[in-house]
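K.L.:
Here you go, one structure.
The values are calculated or read from the model by the stated rules, or taken from the named source; none is laboratory data. Bear in mind the structure is a predicted one, so any value in this text is a computation, not a measurement. Here Cβ is always computed from backbone atoms with ideal geometry, including for glycine, and neighbour counts include all displayed protein chains. Ligands, DNA and RNA are stripped out before the accessible areas are found, and what is left, the full protein with its side chains, is counted by its heavy atoms. Shrake-Rupley method; radii C 1.70, N 1.55, O 1.52, S 1.80 Å.
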Amino acid sequence: MRKVNIGVLVSGSGSNLQAIIDQIEQERLPAEIKIVISNNPAAYALKRCSKHGIPTRVVSHLDFRKREAFDVKMASILKSYDVELVALAGFMRVLTLTFLRAFPMKVMNIHPALLPAFPGTHVQQKALEYGVKFSGCTVHFIDEGVDTGPIIIQAVVPVYDNDTVDTLSARIRKEEHRIYPLAIRFYAEGKLKIKGHKVLINGGGKDDLPALHNPSLT
Ligand code: GRF
């Protein structure tokens, strides 16, 4: 099977990057990480790369006066590594159209809420304050908006009365690590078709999921 060349953009810990690396190493994801770029030189994600022999670059946004110039630099590095699909994994910068035009509908992101609820930042806190009974995570393609692009896959987790930001984040994070590599696999296998704002997944799963209730009905 063909391997898709991916570039991963990070800013922090890189646990999602690690999940992608692990799936590739276990030969469950037909992809190769050609380059990881961090805008933060202290990102732990960079250390993860050195353990796995993955090339890295640091491009600090502070060195650029305009967002577009930063984006041009990022896109040119990714192109020079022959990257086809870009995966944002805890990358804390908003990308402009300049970047998106270089990779149209080829940039994915993972977000720790059930979009379109709770876009933006500090979303676990917002979910707790709102009192939702379920939250989760979303893998989506990036468009010009913030967290508004076509949704590829979501995972739902319950929210309990005694949850804190930490406990809820940990429950969500576990699911992030499952669905992000899976979304990339669907892409690599040519299963994703974008129709309007919808992503159709050819043979991606059975339509037999049960309803969830929180609190449970019994
Ligand atoms: C995750 O919660 C992800 O949903 C959000 O940023 C966080 C990144 O975590 N976009 P990590 O760096 O992958 O550990």
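K.L.:
Any residue in the range 191-211 that is of a type in the set (S, T, N, Q), at pLDDT 95 or above and open to solvent by 30 Å² or more (accessible area, probe 1.4 Å)? Even if it seems obvious, please write down each step before you answer.
P.N.:
Going through the range 191-211, the residues of a type in the set (S, T, N, Q) turn out to be 202.
Adding the requirement that they be at pLDDT 95 or above leaves none.
Within the range 191-211 (the criterion being of a type in the set (S, T, N, Q), at pLDDT 95 or above and open to solvent by 30 Å² or more (accessible area, probe 1.4 Å)), the answer is no, since none of the residues qualifies.
K.L.:
Here are the criteria: (1) open to solvent by 80 Å² or more (accessible area, probe 1.4 Å); (2) outside any helix (DSSP H, G or I). Tell me which single one R101 does not satisfy.
P.N.:
Only one criterion in (1) open to solvent by 80 Å² or more (accessible area, probe 1.4 Å); (2) outside any helix (DSSP H, G or I) is unmet by R101, namely (2).
K.L.:
For the range 145-184, what are the residues that are over 26 Å from A31 (Cα atoms) and part of a loop (DSSP other than H, G, I, E, B)?
P.N.:
Of everything in the range 145-184, those that are over 26 Å from A31 (Cα atoms) and part of a loop (DSSP other than H, G, I, E, B) turn out to be G145, V146, V159, Y160, D161, N162, D163, T164.
K.L.:
So, in the range 23-46, of the ones that are open to solvent by 10 Å² or more (accessible area, probe 1.4 Å) and closer than 14 Å to N5 by Cα, which residue ends up farthest from the ligand (Cβ to nearest atom)?
P.N.:
So, considering only residues that are open to solvent by 10 Å² or more (accessible area, probe 1.4 Å) and closer than 14 Å to N5 by Cα, the one farthest from the ligand (Cβ to nearest atom) is P30.
K.L.:
Of all residues being in contact (Cβ under 8 Å) with a residue 24 or more places away in the chain and of a type in the set (V, I, T) in the range 79-129, which is nearest to the ligand (Cβ to nearest atom)? Just the residue, please.
P.N.:
Once the filter is applied, the top-ranked residue is I110.
K.L.:
Provide a single number: the residues in the range 2-22 that are touching a strand residue (DSSP E or B) at 6+ places or on another chain (Cβ under 8 Å), within 11 Å of the ligand (Cβ to nearest atom) and on the phi < 0 side of the Ramachandran plot. Don't jump to the end; show me each part of the working.
P.N.:
To start, the set of residues in the range 2-22 that are touching a strand residue (DSSP E or B) at 6+ places or on another chain (Cβ under 8 Å) comprises 3-11, 14, 16-17, 20-21.
Filter once more, keeping what is within 11 Å of the ligand (Cβ to nearest atom): 8-11, 14, 16-17, 20.
In the following step, the residues that additionally are on the phi < 0 side of the Ramachandran plot were identified as 8-11, 16-17, 20.
Qualifying residue count, the range 2-22: 7.
K.L.:
Yes or no: D166 free of Cβ contacts under 8 Å to residues at least 60 places away in the same chain, within 13 Å of the ligand (Cβ to nearest atom), over 15 Å from the mean Cα position of the chain (by Cα) and open to solvent by 70 Å² or more (accessible area, probe 1.4 Å)? I'd like the intermediate steps shown before the answer.
P.N.:
On the way: free of Cβ contacts under 8 Å to residues at least 60 places away in the same chain: yes; within 13 Å of the ligand (Cβ to nearest atom): yes; over 15 Å from the mean Cα position of the chain (by Cα): yes; open to solvent by 70 Å² or more (accessible area, probe 1.4 Å): yes.
It is true that D166 is free of Cβ contacts under 8 Å to residues at least 60 places away in the same chain, within 13 Å of the ligand (Cβ to nearest atom), over 15 Å from the mean Cα position of the chain (by Cα) and open to solvent by 70 Å² or more (accessible area, probe 1.4 Å).
K.L.:
Before we move on, is R2 of a type in the set (K, R), modelled with pLDDT under 95 and not in a helix (DSSP H, G or I)?
P.N.:
On the way: of a type in the set (K, R): yes; modelled with pLDDT under 95: yes; not in a helix (DSSP H, G or I): yes.
The answer is yes for R2.
K.L.:
Determine which single condition E129 fails, assuming it passes every other condition in (1) at pLDDT 95 or above; (2) more than 30 Å from Q26 (Cα to Cα); (3) of a type in the set (D, E, K, R); (4) in contact with a helix residue (DSSP H, G or I) (Cβ under 7 Å, 6 or more places away or on another chain).
P.N.:
Status for E129: all satisfied but (4).
K.L.:
Look at L62 and say whether it is surrounded by 21 or more Cβ atoms within 10 Å (Cβ to Cβ), more than 16 Å from the ligand (Cβ to nearest atom) and either over 23 Å from I151 (Cα atoms) or without any contact (Cβ under 8 Å) to a residue 24 or more places away in the chain (or both).
P.N.:
Numbers: surrounded by 21 or more Cβ atoms within 10 Å (Cβ to Cβ): no; more than 16 Å from the ligand (Cβ to nearest atom): yes; either over 23 Å from I151 (Cα atoms) or without any contact (Cβ under 8 Å) to a residue 24 or more places away in the chain (or both): yes.
When the stated conditions are applied, L62 does not pass them.
K.L.:
Looking only at the range 22-61, count how many residues are part of a loop (DSSP other than H, G, I, E, B), polar (S, T, N, Q) and over 18 Å from the mean Cα position of the chain (by Cα). Break it down into steps so the answer makes sense when it comes.
P.N.:
We begin by selecting, within the range 22-61, every residue part of a loop (DSSP other than H, G, I, E, B); these are 26-30, 39-43, 53-55, 59-60.
If we keep only those that are polar (S, T, N, Q) too, we end up with 26, 39-40, 60.
Among the residues that remain, those that are also over 18 Å from the mean Cα position of the chain (by Cα) are: 26, 60.
Matching residues across the range 22-61 total 2.
K.L.:
Between a first residue in the range 38-53 that is more than 15 Å from A89 (Cα to Cα) and a second residue that is open to solvent by less than 80 Å² (accessible area, probe 1.4 Å) and modelled with pLDDT of 95 or more, which pairs have beta carbons less than 6 Å apart while being 6 or more apart in sequence or on different chains?
P.N.:
Going by the 6 Å Cβ cut-off, the qualifying pairs are P41/V58; H52/I21.
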